[in-house]
Amino acid sequence: MKVIIYLIFFIAVTHGVAQTSKIDSLRSKLGEDRRPNVQISLHHKLIDEFYKSAIYYDSAFYYAKKGYQIALTEDLPKEQVDFLFNIAAVYYMTEKRELALQYYEQCLELAKKENLMEFIPAIFNNIGDIYMKEKEYVNAKTYFEEVVDFGKKNQKGRLEAIGYLNLGEIFFYENDFQKSITYFEKSEAMYKLSPPKHIGIDYLMARTYLALDQPKIAEQKALEGYRAIINSQDYHSLYDYVLLLSKIYADTGMYKEAVGYNKLALAYNDSLNVGKDLSEVEKSFLHMELQEQNNKLQILQQKNKYIGIIYIIGSLVVILLVILITRQRKIVRMTKDIHDIQNSLIKYELDIKKNKNKHIL
(Lines give C-alpha, C1' and ligand atoms only; values in the text may rest on other atoms or scores of the structure.)
Protein backbone atom coordinates (compact mmCIF):
# COMPACT_ATOMS: atom_id res chain seq x y z
CA MET A 1 0.00 0.00 0.00
CA LYS A 2 2.90 2.40 0.79
CA VAL A 3 4.25 1.77 -2.70
CA ILE A 4 0.92 2.82 -4.19
CA ILE A 5 0.84 5.98 -2.04
CA TYR A 6 4.39 6.94 -3.08
CA LEU A 7 3.54 6.24 -6.71
CA ILE A 8 0.51 8.52 -6.54
CA PHE A 9 2.59 11.29 -4.97
CA PHE A 10 5.33 10.82 -7.60
CA ILE A 11 2.80 11.08 -10.44
CA ALA A 12 1.33 14.25 -8.89
CA VAL A 13 4.74 15.91 -8.53
CA THR A 14 6.12 14.92 -11.97
CA HIS A 15 2.87 15.97 -13.65
CA GLY A 16 3.09 19.32 -11.85
CA VAL A 17 6.69 19.88 -13.01
CA ALA A 18 5.81 19.05 -16.65
CA GLN A 19 2.77 21.29 -16.51
CA THR A 20 4.78 24.17 -14.99
CA SER A 21 7.32 23.92 -17.82
CA LYS A 22 4.57 24.13 -20.43
CA ILE A 23 2.91 27.04 -18.63
CA ASP A 24 6.21 28.92 -18.42
CA SER A 25 6.66 28.44 -22.17
CA LEU A 26 3.16 29.76 -22.90
CA ARG A 27 3.68 32.75 -20.62
CA SER A 28 6.93 33.56 -22.36
CA LYS A 29 5.17 33.55 -25.74
CA LEU A 30 2.57 35.99 -24.40
CA GLY A 31 5.24 38.65 -24.14
CA GLU A 32 6.80 37.85 -27.52
CA ASP A 33 3.85 38.07 -29.91
CA ARG A 34 1.25 40.79 -29.29
CA ARG A 35 -1.04 39.97 -32.23
CA PRO A 36 -4.64 39.64 -30.90
CA ASN A 37 -5.31 36.23 -32.50
CA VAL A 38 -2.09 34.81 -31.04
CA GLN A 39 -2.80 36.35 -27.63
CA ILE A 40 -6.30 34.82 -27.61
CA SER A 41 -4.98 31.39 -28.59
CA LEU A 42 -2.31 31.50 -25.87
CA HIS A 43 -4.86 32.57 -23.25
CA HIS A 44 -7.08 29.62 -24.20
CA LYS A 45 -4.14 27.23 -23.81
CA LEU A 46 -3.18 28.68 -20.44
CA ILE A 47 -6.77 28.41 -19.20
CA ASP A 48 -6.89 24.79 -20.32
CA GLU A 49 -3.62 23.95 -18.57
CA PHE A 50 -4.70 25.52 -15.29
CA TYR A 51 -8.31 24.33 -15.42
CA LYS A 52 -7.68 20.68 -16.25
CA SER A 53 -5.38 20.42 -13.25
CA ALA A 54 -8.53 20.79 -11.09
CA ILE A 55 -6.36 22.85 -8.75
CA TYR A 56 -5.25 26.15 -10.27
CA TYR A 57 -8.67 27.72 -10.76
CA ASP A 58 -7.41 31.13 -9.63
CA SER A 59 -4.95 31.24 -12.53
CA ALA A 60 -7.54 29.93 -15.01
CA PHE A 61 -9.85 32.77 -13.95
CA TYR A 62 -7.06 35.36 -14.33
CA TYR A 63 -6.32 34.39 -17.93
CA ALA A 64 -10.02 33.98 -18.81
CA LYS A 65 -10.66 37.58 -17.73
CA LYS A 66 -7.66 38.85 -19.67
CA GLY A 67 -8.68 36.88 -22.76
CA TYR A 68 -12.24 38.21 -22.55
CA GLN A 69 -10.98 41.80 -22.51
CA ILE A 70 -8.93 41.15 -25.66
CA ALA A 71 -11.96 39.55 -27.40
CA LEU A 72 -14.11 42.51 -26.33
CA THR A 73 -11.61 45.06 -27.63
CA GLU A 74 -11.24 43.21 -30.94
CA ASP A 75 -15.06 42.71 -31.24
CA LEU A 76 -14.89 38.90 -31.51
CA PRO A 77 -18.29 37.52 -30.31
CA LYS A 78 -17.36 33.84 -30.55
CA GLU A 79 -14.26 34.35 -28.45
CA GLN A 80 -16.25 36.47 -25.99
CA VAL A 81 -18.71 33.60 -25.50
CA ASP A 82 -15.85 31.14 -25.06
CA PHE A 83 -14.11 33.24 -22.40
CA LEU A 84 -17.40 34.01 -20.61
CA PHE A 85 -18.03 30.27 -20.50
CA ASN A 86 -14.58 29.72 -18.94
CA ILE A 87 -15.15 32.44 -16.34
CA ALA A 88 -18.51 30.88 -15.41
CA ALA A 89 -16.91 27.43 -15.20
CA VAL A 90 -14.25 28.67 -12.77
CA TYR A 91 -16.90 30.32 -10.59
CA TYR A 92 -18.84 27.05 -10.63
CA MET A 93 -15.84 24.91 -9.69
CA THR A 94 -15.01 27.26 -6.81
CA GLU A 95 -18.65 26.95 -5.64
CA LYS A 96 -19.59 30.56 -6.41
CA ARG A 97 -22.73 29.35 -8.14
CA GLU A 98 -24.64 32.61 -8.17
CA LEU A 99 -21.83 34.33 -10.09
CA ALA A 100 -21.44 31.27 -12.31
CA LEU A 101 -25.14 31.42 -13.19
CA GLN A 102 -24.88 35.12 -14.07
CA TYR A 103 -21.99 34.49 -16.46
CA TYR A 104 -23.64 31.42 -18.02
CA GLU A 105 -26.80 33.45 -18.65
CA GLN A 106 -24.75 36.28 -20.18
CA CYS A 107 -22.95 33.67 -22.25
CA LEU A 108 -26.25 32.09 -23.38
CA GLU A 109 -27.73 35.46 -24.35
CA LEU A 110 -24.72 36.35 -26.52
CA ALA A 111 -24.57 32.84 -28.07
CA LYS A 112 -28.26 33.06 -29.08
CA LYS A 113 -27.82 36.60 -30.42
CA GLU A 114 -24.83 35.58 -32.57
CA ASN A 115 -26.38 32.19 -33.47
CA LEU A 116 -23.43 30.31 -31.99
CA MET A 117 -25.36 27.06 -31.61
CA GLU A 118 -22.31 24.96 -30.76
CA PHE A 119 -22.13 26.60 -27.32
CA ILE A 120 -25.81 26.37 -26.37
CA PRO A 121 -26.15 22.72 -25.22
CA ALA A 122 -23.08 23.00 -22.97
CA ILE A 123 -24.47 26.20 -21.44
CA PHE A 124 -27.89 24.54 -20.93
CA ASN A 125 -26.19 21.59 -19.26
CA ASN A 126 -24.09 23.70 -16.91
CA ILE A 127 -27.01 25.93 -15.91
CA GLY A 128 -29.00 22.76 -15.20
CA ASP A 129 -26.12 21.48 -13.10
CA ILE A 130 -26.12 24.66 -11.00
CA TYR A 131 -29.85 24.32 -10.34
CA MET A 132 -29.30 20.66 -9.44
CA LYS A 133 -26.60 21.60 -6.91
CA GLU A 134 -28.94 24.22 -5.48
CA LYS A 135 -31.64 21.50 -5.22
CA GLU A 136 -33.94 23.37 -7.60
CA TYR A 137 -34.75 20.11 -9.38
CA VAL A 138 -37.69 21.35 -11.49
CA ASN A 139 -35.52 24.05 -13.14
CA ALA A 140 -32.64 21.61 -13.51
CA LYS A 141 -34.81 19.04 -15.30
CA THR A 142 -35.98 21.71 -17.76
CA TYR A 143 -32.43 22.49 -18.85
CA PHE A 144 -31.32 18.84 -19.00
CA GLU A 145 -34.36 17.98 -21.12
CA GLU A 146 -33.30 20.80 -23.46
CA VAL A 147 -29.92 19.08 -23.81
CA VAL A 148 -31.60 15.74 -24.65
CA ASP A 149 -33.89 17.43 -27.22
CA PHE A 150 -30.95 19.26 -28.79
CA GLY A 151 -29.07 15.97 -29.07
CA LYS A 152 -32.02 14.21 -30.69
CA LYS A 153 -32.70 17.00 -33.19
CA ASN A 154 -29.05 17.29 -34.22
CA GLN A 155 -28.21 13.57 -34.02
CA LYS A 156 -25.69 14.18 -31.26
CA GLY A 157 -25.69 10.96 -29.27
CA ARG A 158 -23.25 12.23 -26.66
CA LEU A 159 -25.52 15.15 -25.84
CA GLU A 160 -28.41 12.74 -25.29
CA ALA A 161 -26.14 10.64 -23.08
CA ILE A 162 -25.15 13.67 -20.98
CA GLY A 163 -28.78 14.77 -20.63
CA TYR A 164 -29.92 11.30 -19.52
CA LEU A 165 -26.99 11.06 -17.11
CA ASN A 166 -27.92 14.30 -15.36
CA LEU A 167 -31.63 13.47 -15.29
CA GLY A 168 -30.72 10.15 -13.67
CA GLU A 169 -28.73 11.99 -11.02
CA ILE A 170 -31.69 14.25 -10.21
CA PHE A 171 -33.98 11.25 -9.71
CA PHE A 172 -31.33 9.78 -7.39
CA TYR A 173 -31.47 12.92 -5.23
CA GLU A 174 -35.26 12.66 -5.25
CA ASN A 175 -34.86 9.07 -3.92
CA ASP A 176 -36.50 7.61 -7.02
CA PHE A 177 -33.69 5.08 -7.45
CA GLN A 178 -35.44 2.86 -9.98
CA LYS A 179 -36.16 5.78 -12.30
CA SER A 180 -32.62 6.99 -11.71
CA ILE A 181 -31.07 3.70 -12.84
CA THR A 182 -33.36 3.67 -15.90
CA TYR A 183 -31.95 7.00 -17.06
CA PHE A 184 -28.39 5.92 -16.29
CA GLU A 185 -28.92 2.83 -18.45
CA LYS A 186 -30.23 5.05 -21.26
CA SER A 187 -27.14 7.19 -20.89
CA GLU A 188 -24.82 4.17 -20.92
CA ALA A 189 -26.51 2.86 -24.09
CA MET A 190 -26.02 6.20 -25.85
CA TYR A 191 -22.35 6.32 -24.78
CA LYS A 192 -21.82 2.91 -26.37
CA LEU A 193 -23.01 4.43 -29.65
CA SER A 194 -20.91 7.58 -29.10
CA PRO A 195 -17.82 6.60 -27.07
CA PRO A 196 -15.97 7.27 -24.87
CA LYS A 197 -18.35 7.24 -21.96
CA HIS A 198 -18.33 9.78 -19.15
CA ILE A 199 -15.87 8.82 -16.39
CA GLY A 200 -18.51 9.38 -13.71
CA ILE A 201 -21.31 7.18 -15.07
CA ASP A 202 -20.01 3.97 -13.49
CA TYR A 203 -19.72 5.74 -10.14
CA LEU A 204 -23.29 7.07 -10.35
CA MET A 205 -24.64 3.67 -11.38
CA ALA A 206 -22.69 1.89 -8.63
CA ARG A 207 -23.99 4.32 -6.03
CA THR A 208 -27.56 3.83 -7.25
CA TYR A 209 -27.30 0.03 -7.33
CA LEU A 210 -26.01 0.16 -3.75
CA ALA A 211 -29.06 2.25 -2.80
CA LEU A 212 -31.22 -0.39 -4.50
CA ASP A 213 -29.53 -3.01 -2.27
CA GLN A 214 -27.66 -4.67 -5.13
CA PRO A 215 -24.07 -4.56 -3.80
CA LYS A 216 -22.62 -7.10 -6.26
CA ILE A 217 -23.65 -5.05 -9.30
CA ALA A 218 -22.55 -1.91 -7.43
CA GLU A 219 -19.09 -3.43 -6.84
CA GLN A 220 -18.82 -4.48 -10.49
CA LYS A 221 -19.67 -1.00 -11.79
CA ALA A 222 -17.42 0.78 -9.28
CA LEU A 223 -14.43 -1.45 -10.14
CA GLU A 224 -15.10 -0.98 -13.86
CA GLY A 225 -15.09 2.80 -13.52
CA TYR A 226 -12.07 2.92 -11.22
CA ARG A 227 -9.94 0.67 -13.45
CA ALA A 228 -10.78 2.84 -16.46
CA ILE A 229 -9.26 5.97 -14.87
CA ILE A 230 -6.63 4.54 -12.49
CA ASN A 231 -3.78 5.91 -14.62
CA SER A 232 -5.27 9.40 -14.87
CA GLN A 233 -4.51 12.42 -12.71
CA ASP A 234 -8.19 13.05 -11.96
CA TYR A 235 -7.74 12.65 -8.21
CA HIS A 236 -11.22 13.90 -7.40
CA SER A 237 -12.84 11.08 -9.39
CA LEU A 238 -10.33 8.50 -8.18
CA TYR A 239 -11.04 9.54 -4.60
CA ASP A 240 -14.82 9.20 -5.15
CA TYR A 241 -14.48 5.71 -6.68
CA VAL A 242 -12.23 4.23 -3.97
CA LEU A 243 -14.30 5.76 -1.19
CA LEU A 244 -17.43 4.19 -2.68
CA LEU A 245 -15.66 0.82 -3.01
CA SER A 246 -14.65 1.08 0.65
CA LYS A 247 -18.30 1.63 1.59
CA ILE A 248 -19.52 -1.24 -0.61
CA TYR A 249 -17.04 -3.68 0.99
CA ALA A 250 -17.82 -2.40 4.50
CA ASP A 251 -21.57 -2.89 3.92
CA THR A 252 -21.00 -6.46 2.77
CA GLY A 253 -18.65 -7.38 5.64
CA MET A 254 -15.45 -7.46 3.53
CA TYR A 255 -13.53 -5.34 6.03
CA LYS A 256 -10.01 -6.06 4.80
CA GLU A 257 -10.91 -4.79 1.31
CA ALA A 258 -12.81 -1.87 2.86
CA VAL A 259 -9.75 -0.78 4.89
CA GLY A 260 -7.48 -1.13 1.83
CA TYR A 261 -9.62 1.15 -0.32
CA ASN A 262 -10.07 3.57 2.58
CA LYS A 263 -6.27 3.95 2.83
CA LEU A 264 -6.14 4.50 -0.92
CA ALA A 265 -8.80 7.20 -0.55
CA LEU A 266 -6.60 8.91 2.04
CA ALA A 267 -3.67 8.78 -0.40
CA TYR A 268 -5.70 10.45 -3.15
CA ASN A 269 -6.92 13.02 -0.63
CA ASP A 270 -3.28 13.76 0.29
CA SER A 271 -2.53 14.32 -3.40
CA LEU A 272 -5.37 16.82 -3.60
CA ASN A 273 -4.04 18.65 -0.52
CA VAL A 274 -0.55 18.80 -2.05
CA GLY A 275 -2.18 20.38 -5.10
CA LYS A 276 -3.93 22.93 -2.91
CA ASP A 277 -0.60 23.92 -1.35
CA LEU A 278 0.88 24.33 -4.79
CA SER A 279 -2.07 26.51 -5.71
CA GLU A 280 -1.06 28.94 -2.95
CA VAL A 281 2.42 29.08 -4.52
CA GLU A 282 0.79 29.80 -7.86
CA LYS A 283 -1.21 32.64 -6.28
CA SER A 284 2.02 34.09 -4.90
CA PHE A 285 3.61 33.85 -8.35
CA LEU A 286 0.68 35.66 -9.92
CA HIS A 287 0.83 38.31 -7.23
CA MET A 288 4.53 38.82 -7.98
CA GLU A 289 3.78 38.97 -11.70
CA LEU A 290 1.07 41.59 -11.13
CA GLN A 291 3.39 43.55 -8.83
CA GLU A 292 6.08 43.49 -11.50
CA GLN A 293 3.63 44.81 -14.08
CA ASN A 294 2.54 47.49 -11.62
CA ASN A 295 6.18 48.50 -11.02
CA LYS A 296 6.70 48.75 -14.79
CA LEU A 297 3.61 50.94 -15.04
CA GLN A 298 4.87 53.20 -12.25
CA ILE A 299 8.28 53.51 -13.94
CA LEU A 300 6.54 54.35 -17.21
CA GLN A 301 4.37 56.94 -15.47
CA GLN A 302 7.47 58.43 -13.81
CA LYS A 303 9.22 58.44 -17.17
CA ASN A 304 6.26 60.18 -18.77
CA LYS A 305 6.31 62.70 -15.93
CA TYR A 306 9.98 63.46 -16.58
CA ILE A 307 9.34 63.63 -20.31
CA GLY A 308 6.57 66.14 -19.59
CA ILE A 309 8.97 68.25 -17.49
CA ILE A 310 11.56 68.09 -20.28
CA TYR A 311 8.93 69.18 -22.81
CA ILE A 312 7.97 72.13 -20.57
CA ILE A 313 11.61 73.17 -20.09
CA GLY A 314 12.22 72.74 -23.81
CA SER A 315 9.20 74.91 -24.60
CA LEU A 316 10.44 77.62 -22.21
CA VAL A 317 13.89 77.52 -23.81
CA VAL A 318 12.33 77.92 -27.25
CA ILE A 319 10.19 80.83 -26.01
CA LEU A 320 13.27 82.49 -24.45
CA LEU A 321 15.24 81.99 -27.65
CA VAL A 322 12.43 83.56 -29.66
CA ILE A 323 12.34 86.52 -27.24
CA LEU A 324 16.15 86.88 -27.37
CA ILE A 325 16.24 86.67 -31.15
CA THR A 326 13.39 89.19 -31.42
CA ARG A 327 15.11 91.55 -29.01
CA GLN A 328 18.43 91.09 -30.82
CA ARG A 329 16.82 91.93 -34.14
CA LYS A 330 15.20 94.97 -32.51
CA ILE A 331 18.60 96.11 -31.12
CA VAL A 332 20.22 95.63 -34.53
CA ARG A 333 17.42 97.62 -36.16
CA MET A 334 17.71 100.40 -33.51
CA THR A 335 21.50 100.49 -33.94
CA LYS A 336 21.07 100.83 -37.69
CA ASP A 337 18.53 103.61 -37.18
CA ILE A 338 20.90 105.46 -34.79
CA HIS A 339 23.71 105.02 -37.28
CA ASP A 340 21.56 106.43 -40.09
CA ILE A 341 20.53 109.37 -37.88
CA GLN A 342 24.17 110.08 -37.03
CA ASN A 343 25.15 109.97 -40.70
CA SER A 344 22.26 112.27 -41.53
CA LEU A 345 23.31 114.78 -38.84
CA ILE A 346 26.94 114.70 -39.95
CA LYS A 347 25.87 115.24 -43.53
CA TYR A 348 23.60 118.10 -42.43
CA GLU A 349 26.45 119.83 -40.52
CA LEU A 350 28.82 119.41 -43.44
CA ASP A 351 26.24 120.93 -45.77
CA ILE A 352 25.84 123.95 -43.44
CA LYS A 353 29.61 124.49 -43.24
CA LYS A 354 29.87 124.17 -46.98
CA ASN A 355 27.20 126.83 -47.54
CA LYS A 356 28.89 129.26 -45.08
CA ASN A 357 32.16 128.92 -46.95
CA LYS A 358 30.40 129.80 -50.20
CA HIS A 359 29.04 133.09 -48.70
CA ILE A 360 32.50 134.09 -47.40
CA LEU A 361 34.02 133.66 -50.78
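The values are calculated or read from the model by the stated rules, or taken from the named source; none is laboratory data. Here the structure is a predicted model, which means the values were calculated and not measured. In this analysis, Cβ positions are derived from the backbone assuming ideal geometry, glycine residues included, and neighbour counts consider all displayed protein chains.
When you scan region 227-235, do you find a residue that is at pLDDT below 95, part of a helix (DSSP H, G or I), buried (at least 21 other Cβ atoms within 10 Å of the Cβ) and among the hydroxyl-bearing types (Ser, Thr, Tyr), even just one?
yes
Please tell me if Val138 is of a type in the set (Val, Ile, Thr) and without any contact (Cβ under 8 Å) to a residue 12 or more places away in the chain.
Considered against the rule, which asks whether it is of a type in the set (Val, Ile, Thr) and without any contact (Cβ under 8 Å) to a residue 12 or more places away in the chain, Val138 comes out as yes.
Of all residues in region 181-205, which are assigned to a helix (DSSP H, G or I) and out of contact with any Leu (no Cβ under 8 Å at 6 or more places or on another chain)?
Matches in region 181-205: Thr182, Glu185, Lys186, Glu188, Ala189, Met190, Tyr191, Lys192, Leu193, Asp202, Met205.
Taking the stated definitions as given, is Tyr62 closer than 17 Å to Ala100 by Cα, modelled with pLDDT under 90 and aromatic (Phe, Trp, Tyr)?
Taking the combined requirement at face value, the residue does not satisfy it.
Of all the residues that make up region 248-264, how many are touching a residue at least 24 places away in the same chain (Cβ under 8 Å) and surrounded by fewer than 19 Cβ atoms within 10 Å (Cβ to Cβ)?
Selection size over region 248-264: 4.
Might you check whether a residue that is among the small types (Gly, Ala, Ser) and more than 20 Å from Tyr173 (Cβ to Cβ) occurs anywhere in region 90-104?
Let us first name the residues in region 90-104 that are among the small types (Gly, Ala, Ser), namely 100.
Going one step further and asking which of them are more than 20 Å from Tyr173 (Cβ to Cβ), we end up with none.
No - not one qualifying residue is present in region 90-104.
Applying the selection to region 176-188, what residues are crowded, with 17+ Cβ neighbours inside 10 Å and farther than 23 Å from Gln155 by Cα?
Phe177, Ser180, Ile181
Inspect region 189-198 for any residue being surrounded by 21 or more Cβ atoms within 10 Å (Cβ to Cβ) and of a type in the set (Gly, Ala, Ser) and give the result as yes or no.
no
Just a yes or no: is a residue in region 206-226 surrounded by 15 or more Cβ atoms within 10 Å (Cβ to Cβ) and assigned to a loop (DSSP other than H, G, I, E, B)?
Yes, some residue in region 206-226 is surrounded by 15 or more Cβ atoms within 10 Å (Cβ to Cβ) and assigned to a loop (DSSP other than H, G, I, E, B).
Which pairs turn up if I take residues in region 212-234 that are closer than 14 Å to Leu264 by Cβ and look for partners that are assigned to a loop (DSSP other than H, G, I, E, B) and at pLDDT below 95 with beta carbon separation below 7 Å, at least 6 apart in sequence or on another chain?
Once the first residue is closer than 14 Å to Leu264 by Cβ and sits in region 212-234, its partners that are assigned to a loop (DSSP other than H, G, I, E, B) and at pLDDT below 95 give Ile229/Ile199.
Checking the structure you have, find out if any residue of region 110-133 is closer than 24 Å to Val38 by Cβ and under 13 Å from the mean Cα position of the chain (by Cα). Write out each step before concluding.
So the first thing to find is which residues in region 110-133 are closer than 24 Å to Val38 by Cβ, and the list is 110, 114, 116, 118-119.
From what's left, under 13 Å from the mean Cα position of the chain (by Cα): none.
Within region 110-133 (the criterion being closer than 24 Å to Val38 by Cβ and under 13 Å from the mean Cα position of the chain (by Cα)), the answer is no, since none of the residues qualifies.
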